[in-house]
1. What single numbered condition from (1) in a helix (DSSP H, G or I); (2) more than 14 Å from every other protein chain (Cβ to nearest Cβ) fails to hold for residue A:230?
2. For segment A:243-298, how many residues are closer than 16 Å to residue A:22 by Cβ and either in contact with a strand residue (DSSP E or B) (Cβ under 8 Å, 6 or more places away or on another chain) or not in a helix (DSSP H, G or I) (or both)?
3. When only residues in segment B:217-252 that are in a loop (DSSP other than H, G, I, E, B) and in contact with a strand residue (DSSP E or B) (Cβ under 8 Å, 6 or more places away or on another chain) count, which is farthest from residue B:118 (Cα to Cα)?
4. What's the number of the only condition in (1) within 29 Å of residue B:171 (Cβ to Cβ); (2) surrounded by fewer than 19 Cβ atoms within 10 Å (Cβ to Cβ) that residue A:161 fails to meet?
5. Within segment A:159-189, count every residue that is more than 7 Å from chain B (Cβ to nearest Cβ) and free of Cβ contacts under 8 Å to residues at least 60 places away in the same chain.
6. Residue B:203: modelled with pLDDT under 90, within 14 Å of chain A (Cβ to nearest Cβ) and assigned to a helix (DSSP H, G or I), yes or no?
7. Residues that are at positive phi and within 14 Å of chain B (Cβ to nearest Cβ): does segment A:201-223 have at least one?
């Protein structure tokens with residue numbers, strides 16, 4: 001029993017991180033109808049920027065504090081992501097207004113490869129350590145309930161609480177600020193949003209900036225766990241099954257979808273792995289997504305797709 | 001394009017509204033509160049001067065000129081494909097005509113786009129509903145006031161003093177619109193669950209929330225039953241009377257058009273074929289020909 005719970009909790013914690021990346025997809029898809037292939041590249045780019053600036057800034061300015069270095073690194077990386085957002089709107093999206101979804105998707109694929117390459121040109125392609133001071137040692141909780149208690153990684157708990165806080169902040173932002181309302185308006189109807197004086201271009205910059213911010217947080221957490229390296233942009237591929245499961249247009253869907261995928265992966269690995277020969281973790285999410293596409297193509301929380309036949 | 005209810009409409013419309021509705025409207029800012037405002041058309045608020053709009057080889061609009069004077073209700077009519085919606089989209093800044101100029105409140109519209117035109121005081125509704133489906137009635141109409149909000153994001157998120165006061169003030173205004181359009185009961189209903197007629201009202205409400213000087217209505221009564229049309233006519237006339245808002249509308253229901261318009265512009269195949277009072281347009285040979293396809297049909301109209 002204790003082991004099962006440990007597996008589930010471990011899965012949920014991993015799932016939170018998938019959710020974070022999926023959140024970036026959903027934000028951009030909602031607001032601009034663009035399926036953003038570049039989200040993974042943005043995660044890598046943001047993490048690289050933060051890792052490098054957190055190392056460079058103390059050298060330039062000559063101070064020791066790791067906390068200050070990380071904070072400054074985070075701020076500079078965030079500023080850079082806002083510049084990326086602005087450039088994407090200015091040089092890519094604004095020229096492709098009213099183009100088909102496939103065109104936009106190809107454009108984001110281009111952005112993805114550009115960011116991958118450009119990031120490594122700017123920041124180098126080694127594996128960088130990003131130590132944001134998360135305690136790594138696991139703790140044992142619920143000692144009295146189970147024999148031996150539950151072994152939980154403090155790193156995971158920390159990551160999950162950051163993700164949770166981010167989701168709450170985004171929800172508040174979307175629902176109780178005028179800009180949030182404008183974002184939702186644009187997501188629902190571009191033309192109508194413009195007709196009430198909402199500038200589309202600026203909204204896109206804001207959305208891509210927020211997605212960049214989410215990418216930075218995801219990159220920071222993944223990076224501190226695995227090291228900042230090229231494979232980060234591949235972790236983002238896990239976000240595809242998550243958004244298919246949760247629904248492309250739903251923020252809660254991204255969260256729940258991530259949790260389900262994370263938990264399912266771990267459970268299948270542990271309990272089905274021995275029967276099927278292991279390696280399930282790699283493909284489980286995609287097969288689950290495939291099944292969902294067959295049964296419920298709009299995902300768990302997505303808007304129902306009704307087409308006139 | 002049929003004259004549904006044309007016989008009954010004028011009387012219901014001209015009758016004074018109940019007192020309660022009047023003072024709801026009276027608190028809203030208005031350039032004039034006289035019920036006869038629309039009979040006293042003012043200076044030109046919109047001047048369309050010799051514009052032509054082409055899509056590739058298709059001539060959507062050809063050398064069209066007309067004026068809209070402040071406080072009047074002007075209808076643009078014409079058969080399908082005459083260029084009515086293109087005309088509205090030019091005024092709205094969606095399209096930029098290749099030739100000619102459009103002047104709004106004395107300022108020429110050049111290289112513009114819809115959100116700038118909206119900020120210049122032009123509200124519009126859509127032929128095919130374009131509401132924010134996921135949001136409630138209240139949120140949809142609030143969105144119409146978005147561009148007037150000045151407080152920063154941080155203040156709004158935390159609901160701090162000035163942001164809160166601002167939100168409350170705008171909310172008050174929106175509540176008056178909700179009362180005016182008689183949709184109080186659906187205030188918190190997501191708009192995509194409302195029946196069509198009510199969605200059209202919300203669309204109008206969202207445009208009104210902008211406090212527009214010029215209101216563009218693209219087929220506000222399309223697909224409505226007689227009762228809904230009467231309600232919508234009443235709202236349009238009231239808005240015009242109470243706030244002096246200038247209205248340009250596209251409508252197919254000739255009964256409605258003849259009843260509420262001060263002036264009518266008739267388009268056919270992208271050209272203007274008539275421009276005048278309802279009486280003048282009604283008797284115009286060319287208009288009858290455009291609508292009925294030949295002089296022999298003139299007798300039946």
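The values are calculated or read from the model by the stated rules, or taken from the named source; none is laboratory data. Note that the structure is predicted; figures quoted are calculated from it, not measured. Cβ coordinates were reconstructed from backbone atoms using ideal geometry, including for glycine residues, and neighbour counts include every protein chain displayed.
1. (1)
2. Total meeting the criteria: 5.
3. So, considering only residues that are in a loop (DSSP other than H, G, I, E, B) and in contact with a strand residue (DSSP E or B) (Cβ under 8 Å, 6 or more places away or on another chain), the one farthest from residue B:118 (Cα to Cα) is B:252.
4. Failed condition: (1).
5. Counting residues in segment A:159-189 that are more than 7 Å from chain B (Cβ to nearest Cβ) and free of Cβ contacts under 8 Å to residues at least 60 places away in the same chain gives 7.
6. Numbers: modelled with pLDDT under 90: no; within 14 Å of chain A (Cβ to nearest Cβ): yes; assigned to a helix (DSSP H, G or I): yes.
No: the conditions fail for residue B:203.
7. Residues of segment A:201-223 at positive phi: none.
The answer is no; no qualifying residue exists.
Quick grid of which residues meet (1) more than 23 Å from residue B:284 (Cβ to Cβ); (2) in a loop (DSSP other than H, G, I, E, B); (3) modelled with pLDDT of 90 or more; (4) in contact with a strand residue (DSSP E or B) (Cβ under 9 Å, 6 or more places away or on another chain):
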{"site": "B:42", "(1), (2), (3), (4)": "yes, yes, no, yes"}
{"site": "B:61", "(1), (2), (3), (4)": "no, no, yes, yes"}
{"site": "B:75", "(1), (2), (3), (4)": "no, no, yes, yes"}
{"site": "B:80", "(1), (2), (3), (4)": "no, yes, no, no"}
